[in-house]
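The values are calculated or read from the model by the stated rules, or taken from the named source; none is laboratory data. Note that this is a predicted model, so its numbers are computed, not measured. Don't worry about glycine lacking a Cβ; one is built from the backbone with ideal geometry, like all the others, and counts go over all protein chains shown. SASA here: full protein model, heavy atoms, side chains in, ligands and nucleic acids out. Shrake-Rupley method; radii C 1.70, N 1.55, O 1.52, S 1.80 Å.
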Amino acid sequence: MKRSEVVSIINNLVGSQGHQKVLEVYNKQNPLPRGYKLQAKDSWCAATVTAVFLMAGKCDFAECSCVMMIHKAKNLGIWVEDDAYIPKPGDVIMYDWQDAILGNDQGTPDHTGIVIGCDGKNITVREGNKSNNMGNRTIKVNGKYIRGFITPVFEEEDEDMGMPQIKKGDKGKAVAIWQLIADAHPDGIFEDNTLEATKIFQKNHGLTADGIVGPKTWAEGFKSI
């Protein structure tokens, strides 16, 4: 299961057809979580998350209840109790509309969705049951209403497109391409300004900010274009 697959699947769930697909996939589980068959009138945000992950491969935290989904995520060791966490596409965000912004909110979760993008400052989320429809929401990193995050285990994605590892001191076409992605002066020479731009890019995308452009950094770079 890959992050890109999860994002692609939820982006393709639209309107009433998206709702029907969620019901169909969720209710095909055997056994159903807690033995409950989801009804069309039920809240379906958690079921949307479950259905998307099932369509992508599997969902170890399958639920139609946000509370129970967090409980399962904690047992799996994939729950992040940190509002300031910078999520990656495919991570699951939980909300609490009663969040008073006093430390890390630990109230009862009200809603959930799947992160489809994050620039280090703002998180873009796609959700089921948003105003009774599929929809997107933008929320600030460490913003009000964040309850926490589920961070599923994904396969590594080989999306570097054959680009070489580059670092300070390197020169050439690959460096120039990276400089365009990282918003550094594209002169093809990996010097201090490119190093700093690289570290900023890595930090904003939840990567190790070591200034070395390897497969993971290239992958995030091509996603950001």
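Observations on the model:
Table: residues versus (1) in a strand (DSSP E or B); (2) surrounded by fewer than 13 Cβ atoms within 10 Å (Cβ to Cβ).
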| site | (1), (2) |
| --- | --- |
| Ile101 | no, yes |
| Asp105 | no, no |
| Gly113 | yes, no |
| Gly128 | yes, no |
| Met134 | yes, no |
| Ile139 | yes, no |
| Asn142 | no, no |
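- The set of residues from the range 1-31 being open to solvent by 40 Å² or more (accessible area, probe 1.4 Å), out of contact with any Asp or Glu (no Cβ under 8 Å at 6 or more places or on another chain) and either closer than 19 Å to Asp110 by Cα or in a loop (DSSP other than H, G, I, E, B) (or both) comprises Asn12, Val14, Lys28, Asn30, Pro31.
- Whenever a residue of the range 99-121 is more than 21 Å from Gly135 (Cα to Cα) and touching a residue at least 12 places away in the same chain (Cβ under 8 Å), its partners that are in a loop (DSSP other than H, G, I, E, B) and among the small types (Gly, Ala, Ser), lying with C-beta atoms within less than 7 angstrom and at least six residues away or across chains, give the pairs Asp99/Gly107.
- Given (1) more than 23 Å from Ser4 (Cβ to Cβ); (2) open to solvent by less than 60 Å² (accessible area, probe 1.4 Å), index of the condition Val67 fails: (2)
- Enumeration of residues in the range 14-57 that are more than 20 Å from Pro152 (Cα to Cα), among the aliphatic types (A, V, I, L, M) and in contact with a strand residue (DSSP E or B) (Cβ under 6 Å, 6 or more places away or on another chain): Val14
- Gln39 meets the conditions (1) part of a helix (DSSP H, G or I); (2) more than 19 Å from Ile146 (Cα to Cα); (3) at pLDDT 95 or above in every case but one. The failed one is (1).
- Flag for Lys21 being in contact with a helix residue (DSSP H, G or I) (Cβ under 9 Å, 6 or more places away or on another chain) and over 30 Å from Leu207 (Cβ atoms): yes
- Residue in the range 40-47 that is open to solvent by 70 Å² or more (accessible area, probe 1.4 Å) and under 16 Å from the mean Cα position of the chain (by Cα) present: no
- Identity of the residue in the range 159-214, modelled with pLDDT of 90 or more, among the acidic types (Asp, Glu) and in a loop (DSSP other than H, G, I, E, B), that ends up surrounded by the fewest Cβ atoms within 10 Å (Cβ to Cβ): Asp183
- When the range 72-90 is filtered for residues that are touching a helix residue (DSSP H, G or I) at 6+ places or on another chain (Cβ under 8 Å) and in a loop (DSSP other than H, G, I, E, B), the ones remaining, listed by number, are Ile86, Lys88, Pro89, Gly90.
- Residue within the range 55-64 that is among the hydrophobic types (A, V, I, L, M, F, W, C) and outside any loop (DSSP other than H, G, I, E, B) present: yes
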